[in-house]
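Take a look at the structure below.
No value in this document is a laboratory result; all are computed from the given coordinates. None of the values given here were measured: they were computed from a predicted structure. In this analysis, Cβ positions are derived from the backbone assuming ideal geometry, glycine residues included, and neighbour counts consider all displayed protein chains.
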Amino acid sequence: MILKEIIQMIKNVAIGVIISVFIIHFIGGMATVSQESMQNTLFEGHVLWIEKISTTLDLLKRGDIITIYAPKYITYGSHTLVKRIIAVEGDHVLIKDGKVYVNGSIIKEPYIKGNYTRVENEKFNNIIISKGYLYALGDNRSRPIIDSRTMGQISLNDVTGRALVRVYPFDKIKILVGIPK
């Protein structure tokens, strides 16, 4: 009797572990913001619920906040950047006079800190986004940060998820999908 209960408990724990691994690997998980590059939308220490289905099904769009695996640019911690998609495959991006243009139009960006976007690297300042890539920037453009202005186009293979909800701090819980673009 006790042996059956122990075996059943082991089975239940194993099933729970398998389901948890599946969810974390294929469906979603948590990410902690560790940079200042997304201020004023996100701050250091904020915790995000990240879903991974959009990256697998190619459902990412302009305005989405994403996580990017970038060990070449982040050599410490989790190697993960949190950025906002500005342009997708086929779009033309131009940064000029402190403004970001996509396909010839200035994009409205009420979420950025300040009102000026710095040019960081001239070769990534006027670019057409290639197939399988996107262009992503941080919201804090008043200081040098690592984003597409410094590292160029970002491969969709390096995008690890899309932020759905800021879950911590608890008094700042907010849905992040569908925010102004």
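Data overview
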read-out	value
Of Ile65, Ile53, Ile86, the one that fluctuates the most in a GNM where the chain has Cα springs shorter than 10 Å	Ile53
Sites matching chymotrypsin sites (Phe, Trp or Tyr not before Pro) across the range 90-181 that sit in DSSP coil, with at most 13 neighbouring C-beta atoms within 10 Å	Tyr116
Estimated FRET transfer efficiency when R0 is 41 angstrom, pair Lys99-Ile53 (beta carbons, to 0.05)	0.80
Using alpha-carbon coordinates, inclination of helix 2-22 to the longest axis of the chain, degrees	10 degrees
Interchain or long-range residues, amide H under 5 Å from Asn140's placed H	Met38, Gln39, Lys113
Extension gain from Ser142 to Val177, taking 0.36 nm per residue of separation minus the Cα-Cα distance	10.2 nm
(i) 10, 40, 41, 9, 0; (ii) 8, 26, 21, 12, 6, 4, 5, 6, 5, 4, 2, 1, 0; (iii) 9, 35, 32, 12, 6, 4, 2, 0, with the label sought being that of the calculated P(r) over Cα pairs in 10 Å bins from 0, in percent	(iii)
Candidates Ile128, Ile95, Ile106: whichever shows maximal mean-square fluctuation once the chain is modelled as a Gaussian network with Cα springs under 10 Å	Ile106
The chain - mean residue ellipticity at 222 nm from DSSP helices (-39,500 (n - 2.57) per run, n ≥ 4, rounded to 500)	-4500 deg cm²/dmol
